[in-house]
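Written below as structure tokens is the structure these notes are about.
The values are calculated or read from the model by the stated rules, or taken from the named source; none is laboratory data. Just so it is clear, the model here is predicted, and its values are computed rather than measured. Cβ placement follows ideal geometry from the backbone for every residue including glycine, while neighbour counts extend to all protein chains displayed. Accessible surface is based on the protein model in full, side chains and every heavy atom, while ligands, DNA and RNA are left aside. Shrake-Rupley method; radii C 1.70, N 1.55, O 1.52, S 1.80 Å.
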Amino acid sequence: MGIELGKIYHNYIDGQWKPALSGEQSPGVNPANRREVVAYLPQSGKPDVDAAVAAARKALPAWRGMSGTARGDLLYRTAAIVERRLDEIAETMTREMGKTLPEAKGETARGAAILRYYAGEGMRKVGDVIPSSDGEALMFTTRAPLGVVGVIAPWNFPVAIPIWKAAPALVYGNTVVLKPARETGATALKLAECFAEAGLPAGVLNVICGSGAVIGEALAEHPGVNGITFTGSNAVGKKVGMAAFARGAKYQLEMGGKNPILVAEDADLDLAVDATISGGLKSTGQKCTATSRVIVVDDVYDAFRDKLLAKVRELKVGDGMEPDTWLGPCASDRQRETVLSYIRKGVQEGASLLLGGEQPPEGTLADGYYVQPTVFEHVARDMTIFREEIFGPVLALVRAPSFEAAVEAANDSDFGLSASVYTRDIGRMLAFVRDMEAGMVRVNAETAGVELQAPFGGMKQSSSHSREQGQAAIEFFTSIKTVFVKG
Ligand SMILES: NC(=O)C1=CN([C@@H]2O[C@H](COP(=O)(O)OP(=O)(O)OC[C@H]3O[C@@H](n4cnc5c(N)ncnc54)[C@H](O)[C@@H]3O)[C@@H](O)[C@H]2O)C=CC1
Ligand SMILES: O=C(O)CCC(=O)C(=O)O
């Protein structure tokens, strides 16, 4: 059937579909083919943020007053609607930001699973009874929602990230203003349609589209917003955190990664190669958990590199809607330019470019924002491509004299989100788990691909040291209240 291209979308505020108050809108183009306008999205301003926050504040008392079970029921209903509309939502995602259709479908199914997980949270315990020193008193903890939560989401997981932030916020009794990335506004507004159809009361979830620098900043600074949860770049995350901190609001930041995979001398090289390719190049490398530094112990370096290059050469770059495409375009022209500039820096700073490094040659790919899968070797630790997040299909190979040296190199980073090791040796596994400075350490598994029921977040500059997903989410979206009662 296919989605309606070039449709005009409106913000979702107070249960109604409204154009930006200024009347402005902006086109969103398909990164696989810049000639295709996927959607026209409202170009909202500060007055739209004010309206969305006012609606969320108005809806708060009634929503907070409902039982967790009743709030959970609405999430269950939303999950069923997301599943029913899975093909359409996934196609919108692929056309808006380029990931392949199977990946987009998998992510949409994951969105429904996250909704169900948090629906169940509505029935779980929220506190403890703690013995009081006063024998006649009852002391216990309960949890209060923060109030209005602002969600600032990126474009790389247009369904999963908005849902893993909004669903726990909602089930614990908060109301939400979601600002999706400009690139993926239509996908987010389709999610809003699912919540609306499920019967979510007006104002409980509001979705507004527009420029991050205008409405993202306005949301972070808004006195009516009690908590802000953000995923995106480090530079913006820090701004958002500082704006929230300055006015005493709670904040949570998930930012970049520079995730290593370590290949020990006893690793199964075929599995390690597959994990490097899947972790580093799926979604065109645009995951904060993407493998970007490939640190291989000397003894197996040459064999690993040759196997890797042989397989990367086979990857088919193309439009994510085509069934034989393995690797889609970068999500935007700007993102493609950033990736190409990192590749140029790699060459200038003396790394050896083994594969890729350019836009694919003309033909049907000329109208999209493509970059060939790229592999560098001889990457030194002071090079930009070793240190900075690229967020593209680029792998940096590093040779390490020993396993211990590999761990040491892996830890030489400002980031600490995810890290993986391939080894069959239990001692090396345990040393890696103990010594690796990352919020997620994975043994004989790729760096990407998180599970929704487990805590997710990084060490060092990768996050604000809080965790999302699983039951960890309750820590951000609620405050503990200690209650002392004496008759
Ligand atoms: N950790 C992750 O999953 C992600 C990391 N990134 C990193 O960021 C780089 C740049 O990508 P961008 O899309 O430019 O990321 P970004 O950090 O600018 O965008 C993330 C979100 O923040 C919003 N935003 C932008 N400026 C803002 C501001 N001043 N105040 C409040 N909100 C604002 C955006 O509209 C979007 O919703 C990528 O190359 C990648 O390295 C980007 C997306 C996701
Ligand atoms: O690896 C994943 O599944 C999640 C990655 C992620 O959260 C991100 O890129 O922002």
Report summary line: Here the qualifying pairs (Cβ atoms under 6 Å; residues six or more apart or on different chains; first in region 65-83 and more than 14 Å from Pro168 (Cβ to Cβ) and assigned by TED's automatic domain parsing to the domain that holds Gly111; second modelled with pLDDT of 95 or more and in a loop (DSSP other than H, G, I, E, B)) come out as Thr69/Gly122; Thr69/Met123
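Residue by residue through region 406-449, note down the ones that are among the hydroxyl-bearing types (Ser, Thr, Tyr) and more than 16 Å from ligand 1 (Cβ to nearest atom).
Here is the first cut: in region 406-449, the ones among the hydroxyl-bearing types (Ser, Thr, Tyr) are 413, 418, 420, 422-423, 447.
Answer for region 406-449, where residues must be among the hydroxyl-bearing types (Ser, Thr, Tyr) and more than 16 Å from ligand 1 (Cβ to nearest atom): Ser420, Tyr422, Thr423.
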**Report entry** Residue under evaluation Glu107, criteria (1) free of Cβ contacts under 8 Å to residues at least 60 places away in the same chain; (2) buried (at least 21 other Cβ atoms within 10 Å of the Cβ); (3) more than 16 Å from ligand 2 (Cβ to nearest atom), criterion not met
**Finding:** (3)
Requested in this report: Mind listing just one residue for me: the one in region 265-297 that is out of contact with any helix residue (DSSP H, G or I) (no Cβ under 9 Å at 6 or more places or on another chain) and more than 16 Å from ligand 2 (Cβ to nearest atom) and, of those, farthest from Thr374 (Cα to Cα)?
Outcome: Asp268
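I'd like to know if region 370-380 contains one or more residues that are touching a strand residue (DSSP E or B) at 6+ places or on another chain (Cβ under 7 Å), among the aromatic types (Phe, Trp, Tyr) and open to solvent by less than 80 Å² (accessible area, probe 1.4 Å). Even if it seems obvious, please write down each step before you answer.
Quick first cut of region 370-380, residues touching a strand residue (DSSP E or B) at 6+ places or on another chain (Cβ under 7 Å) only: 370, 372-379.
With among the aromatic types (Phe, Trp, Tyr) added as a condition, the list becomes 370, 376.
Those left that are additionally open to solvent by less than 80 Å² (accessible area, probe 1.4 Å): 370, 376.
Yes, region 370-380 contains a residue that is touching a strand residue (DSSP E or B) at 6+ places or on another chain (Cβ under 7 Å), among the aromatic types (Phe, Trp, Tyr) and open to solvent by less than 80 Å² (accessible area, probe 1.4 Å).
Residue by residue, here is whether (1) surrounded by fewer than 24 Cβ atoms within 10 Å (Cβ to Cβ); (2) closer than 13 Å to Glu446 by Cβ; (3) among the acidic types (Asp, Glu) holds:
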site: Gly232; (1), (2), (3): yes, no, no
site: Val236; (1), (2), (3): yes, no, no
site: Ala244; (1), (2), (3): no, no, no
site: Lys250; (1), (2), (3): yes, no, no
site: Glu265; (1), (2), (3): yes, no, yes
site: Gly279; (1), (2), (3): no, yes, no
site: Lys282; (1), (2), (3): yes, yes, no
site: Thr291; (1), (2), (3): no, yes, no
Report summary line: Sole miss for Leu340 among (1) surrounded by 14 or more Cβ atoms within 10 Å (Cβ to Cβ); (2) at positive phi is condition (2)
Query raised in the report: Does Glu337 satisfy being more than 16 Å from ligand 1 (Cβ to nearest atom) and out of contact with any Leu (no Cβ under 6 Å at 6 or more places or on another chain)?
Result: no
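Among the residues of region 343-369, count how many are under 24 Å from Asp412 (Cα atoms) and either open to solvent by less than 20 Å² (accessible area, probe 1.4 Å) or hydrophobic (A, V, I, L, M, F, W, C) (or both). I'd like the intermediate steps shown before the answer.
Filtering region 343-369 down to residues under 24 Å from Asp412 (Cα atoms) leaves 343-354.
Narrowing the set further to residues that are either open to solvent by less than 20 Å² (accessible area, probe 1.4 Å) or hydrophobic (A, V, I, L, M, F, W, C) (or both) leaves 343, 346-347, 351, 353-354.
Selection size over region 343-369: 6.
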Report summary line: The number of residues in region 222-250 that are under 18 Å from Lys46 (Cβ atoms), away from ligand 2 (no atom under 16 Å from the Cβ) and of a type in the set (A, V, I, L, M, F, W, C) is 6
Report task. Give the residues of region 112-127 that are open to solvent by less than 50 Å² (accessible area, probe 1.4 Å) and not aliphatic (A, V, I, L, M), sorted by residue number. Result -> Tyr117, Tyr118, Gly120, Glu121, Gly122, Gly127
Report task. Could you tell me whether Ile130 is under 26 Å from Val236 (Cα atoms) and either surrounded by fewer than 24 Cβ atoms within 10 Å (Cβ to Cβ) or within 14 Å of the chain's Cα centre (by Cα) (or both)? Result -> no
Query raised in the report: Are there any pairs, at least 6 apart or on different chains, whose C-beta atoms fall under 7 Å, with the first in region 1-14 and under 11 Å from Tyr40 (Cβ atoms) and the second in a loop (DSSP other than H, G, I, E, B) and open to solvent by 10 Å² or more (accessible area, probe 1.4 Å), and if so, which?
Result: His10/Pro19
Report task. List every residue pair whose Cβ atoms lie under 7 Å apart, where the two residues are 6 or more positions apart in sequence or sit on different chains, the first residue falls within region 389-403 and is open to solvent by 10 Å² or more (accessible area, probe 1.4 Å), and the second residue, located anywhere, is acidic (Asp, Glu). Result -> Arg399/Asp298; Pro401/Asp298
Query - Every residue from region 305-337 that is open to solvent by 40 Å² or more (accessible area, probe 1.4 Å), more than 14 Å from Pro393 (Cβ to Cβ) and not acidic (Asp, Glu) - result: Arg305, Lys307, Ala310, Met321, Pro323, Arg334
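For a quick check of your reading: which strands (runs of 3 or more DSSP E) sit entirely within region 138-217 and have at least 3 residues that are within 11 Å of ligand 1 (Cβ to nearest atom)? Steps first, answer last, please.
On the way: elements: 148-152, 175-179, 205-207.
The qualifying strands (runs of 3 or more DSSP E) are 148-152.
Could you list all residues from region 30-40 that are out of contact with any Gly (no Cβ under 8 Å at 6 or more places or on another chain) and open to solvent by 50 Å² or more (accessible area, probe 1.4 Å)? Let's see the steps before the verdict.
Let us first name the residues in region 30-40 that are out of contact with any Gly (no Cβ under 8 Å at 6 or more places or on another chain), namely 35-36.
Within region 30-40, Arg35 is the sole residue that qualifies.
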